[in-house]
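Participant: My structure is below; once you've seen it, I'll send some questions.
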Amino acid sequence: MTATPRAASAASPPAPAPLLSAQQLHVAFPGRHGAPPVRAVDGVDLDIRPGEIVALVGESGCGKTTLARSLLGLVPTSSGRVTFAGSPLDYAPRALKSYRRRAQLVLQDPSGSLNPRHTVYDAVAEGLRIHRYPGDERTAVAGALARAGLRPPERFFLRYPHQLSGGQRQRVVIAGALVLEPELVVADEPVASLDASVRGEILALLLRLRTELGLAALVVTHDLGLAWNIADRVAVMYLGRIVETGEVEQVLTAPRHPYTRALLSVLPEAPGEPVVLTGEPPDPSRVPSGCRFHARCQVLASGEAARAGVADACRTEELPVLGAGTGTQVACHWVRAKAARAGAG
Amino acid sequence: MKPSLLDVRNLEVTYPGGAAAVRGVSLALDAGQKLGIAGESGCGKSTLALALLRLLPPGTRVTGEVLLDGEDVLAMKWGRLRAVRWAGASIVFQGAMHSLNAVHRVGDQIAEPVLLHSGATPAAARKRTGELLEQVGLPAARAAAYPHELSGGQRQRVMIAMALACDPRLVIADEPTTALDVMVQAQILRLIEELVAEQELGLVMISHDLAVLADTCDRLAVMYAGRVVEEGPARDVYEDARHPYGRALSAAFPRIGDPAARFAPRGLPGDPPDPAGLPPGCTFHPRCPVALDTCGSQDQPLRDAGPGRRAACVRVEVPVGAGPGAGAGAGAWERPGTDAGQMPPSAVLTADGSTRAGRDDGSARVGADGSARAGADGSALPRTDGPAQAVADGSVCAAAGGSARAVPDAGAAVVSEYEDGAPAAVSESGGGTP
């Protein structure tokens, strides 16, 4: 079933030590005009191992972008910690600068993240200049462009972003992230603004970089198909927390959390009756008590949770934060009750 | 016979800069039907949507016919056109963020077309606004909200309410769910489907996501470089596309659980072509994984590719027994405007073009329903004309092809009116060819 060919070091037992790790991470933004603080990331444990591609999926406003940015030290955390290669993230400017040499961000909209007055060469060389790269700048830029699939690189050196297509621009952004030879890239919706036919090419590029360079990646997306295409593991986020995590084959083909089930059921090709949740995720400054999904939960609404005897727990009892391990984990009272019953019976 | 709700015939749009954005598109849609148009940015699908209601910027050359209930939108007087916009056909624009006015309450924006078109009193318009909002699943009280107070999905609902304000017969939805989350997308699609079914609307839905279109629509047309390259029943096109571009689009969004897509994202090398400088021959050949040598010089017409299906690819096998008669039947659904390009003159002369023989350069034009004939004497098909010749002929045919059908008199008049301008379009669109 899950015997899909796997690349690189992703799943060789025993699991290697995580490259990037978040522990009990919280990020809150102060509320305006005395409103309660916005708990954008509300307790997350997440590990990314070397050479592993993890997809972080969720709807807009669920905190996935804030989590990604806090992992790169771009947003101060309120509590909890981030460790990279075993040592906690140091927020001193000098330390952050050297951290960002090893962990790079690829932004969503390539048109917005490239300076229209910089040539492709300047855009890619900027990181080298900031970090006072000792080697030959021209060779490094050419190498990065070639790795990102822009060949021959010299032809692109003097082009401006407006002279490139959308897919080429995204390749330039990726080349800019690759030029410092990082160990990890965090890609925020890397293909959301690209055409359907170009999308596959960029995803194939991320996969190839993992195979060739052992690059680890955290891909933030709302696109479950993307996770199926390239990720080893997936973490489903809802309202600041990860509600289900595990191997892609497990989570996407046999989802257990009602939210994951609903997300998968509304995809155009999904089997069975679609579960269209009503409304939108609640405001993260007013996280509901109990299970944070209970107000929209189809299992609770249908009375299924009450039959399993967990309806009260759903409304009042908060669920623990899921661990960062590789196994499948679900933050749901109903799933836990079912599993406990199956175990006992 | 009752005319189709929407019948687009050989539509061509050329922007002032010379970019041929739509190059001979023919489509038909009946009330209660849903037609999906798929393609990536720059393929002309949004231009097509705007052309249907003559919303293109001044200086744009539009030829062909857009028959809405049998009446040609392109030939309408200004006053009639104003009446038809909103009340006859309306558009749900892409990107609700930018299409709503940020400084007006959404209720006032929905009420505006009601006030202008039905001459309702302000109180009646307010009441209607409340009804419309409830119809799209928003509380009527949200009429007092400004766009920034609404979420993306709510704004899209407001756009839909606005499009329904004057009870149009046809709704054109341009990327109605792009940039929305999966769950909100599912809500909006379900809403659109319900409204179409309840009100017997015709829906033209434009998207780059073939999976979404296949799920929502009855028929699908795949566009590439300003032309329809494949069309047929939505599920068939999605599951078993005949044109290599259709196949690439349907593979771009993987089915979850499909082991073949795991760690194997599928894309298409290269970039969509620039409408101002299209490649010669089949416009898809530079990116085509199965291109033949001849594809670089020969344009490909839409041809029969199974029941109710057509595709514009040289590799599409013509079904056995598809004689000229059967072909003509299919040709009536959509007239392939530009297929005469590689029709050898001899074949053309034997064609049923006698009625049009008096017109100029009939040889090129008469081939207009040549997809069928190509089946009849398929051997003639892969004849190599010079590329320049092929393009020039094809374009002349495209411009004049409308006359090949000459169904309503009004339409024929319009076509002849445009005929003089056609050679100009030829030189423009053919400019990129060596």
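The values are calculated or read from the model by the stated rules, or taken from the named source; none is laboratory data. Computed from a predicted structure; not experimentally measured. As a convention, Cβ positions derive from the backbone with ideal geometry for all residues, glycine included, and neighbour counts pool all protein chains shown. Accessible surface areas use protein heavy atoms only, side chains included; no ligands, DNA or RNA. Shrake-Rupley method; radii C 1.70, N 1.55, O 1.52, S 1.80 Å.
Participant: Evaluate the relative contact order of the stretch A:159-224 (contact order divided by residue number), counting alpha-carbon pairs under 8 angstrom at least 6 apart; express in whole percent.
Facilitator: 42 percent
Participant: Could you pull out the pairs from B:LYS45/B:LYS127; B:LYS45/B:LYS77; B:LYS2/B:LYS34 whose alpha carbons sit more than 27 Å apart here? Each step should come with its number before you reach the end.
Facilitator: On the way: B:LYS45/B:LYS127 35 Å; B:LYS45/B:LYS77 25 Å; B:LYS2/B:LYS34 18 Å.
B:LYS45/B:LYS127, as the Cα separations exceed 27 Å there.
Participant: Are there any helices in chain A, counted as whole DSSP H runs, that stretch 20 Å or more along their axis by Cα and score at least 0.5 on average by Kyte-Doolittle, and if so which?
Facilitator: A:196-213
Participant: FRET efficiency for B:ALA260 and A:ALA35, Cβ-Cβ distance as r, R0 = 56 Å, nearest 0.05?
Facilitator: Step by step, r from the Cβ atoms, then E = 0.70.
Participant: Using alpha-carbon pairs under 8 Å, 6+ residues apart, how would you state the relative contact order of the stretch A:255-344 in percent?
Facilitator: Relative contact order of the stretch A:255-344: 25 percent.
Participant: With every protein chain present, what accessible area does B:TYR146 have (1.4 Å probe, heavy atoms only), rounded to the nearest 10 Å²?
Facilitator: Spelled out: B:TYR146, probe radius 1.4 Å, area about 70 Å².
Participant: Take the Cα coordinates of the stretch B:1-118, assign each an equal point scatterer, and use the Debye formula without solvent to give log10 I(q)/I(0) at q = 0.10, 0.13 Å⁻¹.
Facilitator: These q points yield log10 I(q)/I(0) values of -0.35, -0.59.
Participant: Given a cut-off of under 8 Å on Cα pairs at least six residues apart, what relative contact order in percent is computed for the stretch B:180-297?
Facilitator: Numbers: 115 pairs, mean separation 19.6, N = 118.
That works out to 17 percent.
Participant: Mind checking B:176-183 for the average number of partner chain beta-carbons within 10 Å of each residue's beta-carbon?
Facilitator: 6
Participant: Probe of 1.4 angstrom, ligands and nucleic acids ignored: what's the accessible area per residue over chain A, in square angstrom?
Facilitator: The answer is 42 Å² per residue.
Participant: Identify the GluC sites (Glu not before Pro) of the stretch B:122-223 meeting these criteria: DSSP loop state and at most 16 other C-beta atoms within 10 Å of the C-beta.
Facilitator: B:GLU200
Participant: Test of understanding: in a Gaussian network model of chain A with alpha carbons linked when under 10 Å, which of A:GLY149, A:GLY112, A:GLY80 would top the mean-square fluctuation ranking?
Facilitator: A:GLY112
Participant: Let me ask something additional. Using a 1.4 Å probe and ignoring any ligands, DNA or RNA, find the accessible area of A:SER302 and quote it in Å² to the nearest 10.
Facilitator: Rounded to the nearest 10, the figure is 70 Å².
Participant: Right, something else. Could you compute the FRET efficiency for B:GLU131 and B:ASP30, with r as their C-beta to C-beta distance and R0 at 25 Å, rounded to 0.05? Intermediate values should be presented prior to the final figure.
Facilitator: On the way: r = 27 Å, r/R0 = 1.08.
Calculated value: 0.40.
Participant: Could I ask something else about it? Once both labels are modelled 7 Å past Cα along the beta-carbon direction, what's the A:ALA146-B:ASP218 spacing in nm?
Facilitator: If labels sit at A:ALA146 and B:ASP218, their model points lie 5.6 nm apart.
Participant: Also, quick follow-up: Which of the three applies to the stretch B:221-289, rounded, prolate or oblate, going by the alpha-carbon gyration tensor with a ≥ b ≥ c and a/c under 1.5 meaning rounded?
Facilitator: Cα axes put the stretch B:221-289 in the oblate bin.
Participant: Just check the stretch A:108-158 against the gyration tensor rule for me: Cα atoms, a ≥ b ≥ c as the square roots of the eigenvalues, rounded for a/c under 1.5, and otherwise prolate or oblate depending on whether a/b exceeds b/c.
Facilitator: Working: a/c = 1.81, a/b = 1.18, b/c = 1.53.
Cα axes put the stretch A:108-158 in the oblate bin.
Participant: Would you work out the charge dipole size for the stretch A:20-237 about its Cα centre, treating the Cβ of every Lys and Arg as +1 and the Cβ of every Asp and Glu as -1, and quote it to the nearest 20 debye?
Facilitator: Computed about the Cα centre, the dipole is about 520 debye.
Participant: I need the Kirkwood Rh of the stretch A:29-111: take the reciprocal of the average 1/r across all distinct C-alpha pairs and report it in angstrom.
Facilitator: 14.6 Å
Participant: As a test of the definition: with a 1.4 Å probe, what buried accessible area, both sides summed, do you compute for B against A, in Å² to the nearest 100?
Facilitator: Roughly 3500 Å² of accessible surface disappears when B and A pair.
Participant: Percentage of Cα-Cα pair distances in the stretch B:68-168 greater than 18 Å, rounded to whole percent?
Facilitator: Above the 18 Å cut-off, the stretch B:68-168 has 46 percent of its Cα pairs.
Participant: Give the Rg/Rh ratio for the stretch A:255-344, taking Rg as the radius of gyration of the Cα atoms and Rh as the Kirkwood radius, to two decimals. Intermediate values should be presented prior to the final figure.
Facilitator: Values: Rg = 13.6 Å, Rh = 14.1 Å.
Taking Rh as the inverse mean 1/r over Cα pairs, Rg/Rh reads 0.96.
Participant: What average number of partner chain Cβ atoms lie no more than 10 Å from the Cβ of the residues making up A:188-197?
Facilitator: 6
Participant: Identify which of A:GLU212, A:GLU154, A:GLU269 has the largest mean-square fluctuation in a Gaussian network model of chain A, with springs joining Cα atoms closer than 10 Å.
Facilitator: Comparing A:GLU212, A:GLU154, A:GLU269 in the GNM, the peak value goes to A:GLU269.
Participant: Give the dimensionless ratio obtained when the Cα radius of gyration of the stretch B:133-236 is divided by 2.2 N^0.38 Å.
Facilitator: Rounded to two decimals, the normalised Rg is 1.14.
Participant: Could you tell me what percent of the accessible area of chain A is made up of carbon and sulfur, with a 1.4 Å probe and every protein chain present?
Facilitator: Percent of accessible area from carbon and sulfur atoms in chain A: 53.
Participant: Based on alpha-carbon atoms only, what is the radius of gyration of the stretch A:55-97 relative to the globular estimate 2.2 N^0.38 Å?
Facilitator: This ratio for the stretch A:55-97 stands at 1.27.
Participant: How large is the accessible surface of A:MET237 in square angstrom, using a 1.4 angstrom probe and rounding to the nearest 10?
Facilitator: About 0 Å², rounded to the nearest 10.
Participant: Kindly provide the Kirkwood hydrodynamic radius of the stretch A:20-237 in Å, to one decimal, from all pairs of distinct alpha carbon atoms.
Facilitator: Hydrodynamic radius (Kirkwood, Cα pairs) of the stretch A:20-237 is 17.9 Å.
Participant: Relative to 2.2 N^0.38 Å, what does the C-alpha radius of gyration of the stretch B:84-139 come to as a ratio? Two decimals please.
Facilitator: For the stretch B:84-139, the normalised Cα radius of gyration is 1.15.
Participant: Which whole-angstrom value gives the distance between the alpha carbon centres of the stretch A:287-320 and the stretch B:12-83?
Facilitator: 51 Å
Participant: Does the stretch B:6-257 come out rounded, prolate or oblate, given a ≥ b ≥ c as the square roots of the eigenvalues of its C-alpha gyration tensor, rounded meaning a/c under 1.5 and, failing that, prolate meaning a/b above b/c? Working shown, then result.
Facilitator: Working: a/c = 1.83, a/b = 1.27, b/c = 1.44.
Judged from the Cα gyration tensor, the stretch B:6-257 comes out oblate (a/c at least 1.5, b/c at or above a/b).
Participant: Here's something else I'd like to know. With a probe of 1.4 Å, find how much accessible area the stretch B:6-257 has per residue, and write the answer as a whole number in Å².
Facilitator: Numbers: 8740 Å² over 252 residues.
I get 35 Å² per residue for the stretch B:6-257.
Participant: Which percent of Cα pairs goes in each bin when the distances of the stretch A:214-254 are cut into 5 angstrom slices starting at zero?
Facilitator: Final binned percentages: 6, 22, 35, 25, 11, 2, 0.
Participant: Could you please put A:ARG169, B:ARG169 in sequence from largest to smallest accessible area, using a 1.4 Å probe?
Facilitator: Result, largest first: B:ARG169, A:ARG169.
Participant: To the nearest 500 deg cm²/dmol, what mean residue ellipticity at 222 nm is calculated for chain A from DSSP H runs of n ≥ 4 alone, each contributing -39,500 (n - 2.57), summed and divided by the residues?
Facilitator: Details: 14 runs with 122 residues, N = 345.
Mean residue ellipticity, 222 nm, calculated: -10000 deg cm²/dmol.
Participant: With r defined as the distance between the Cβ atoms of A:GLU154 and A:THR211 and R0 fixed at 22 Å, what FRET efficiency is calculated, to the nearest 0.05?
Facilitator: Working: r = 26 Å, r/R0 = 1.17.
After rounding to 0.05, the efficiency reads 0.30.
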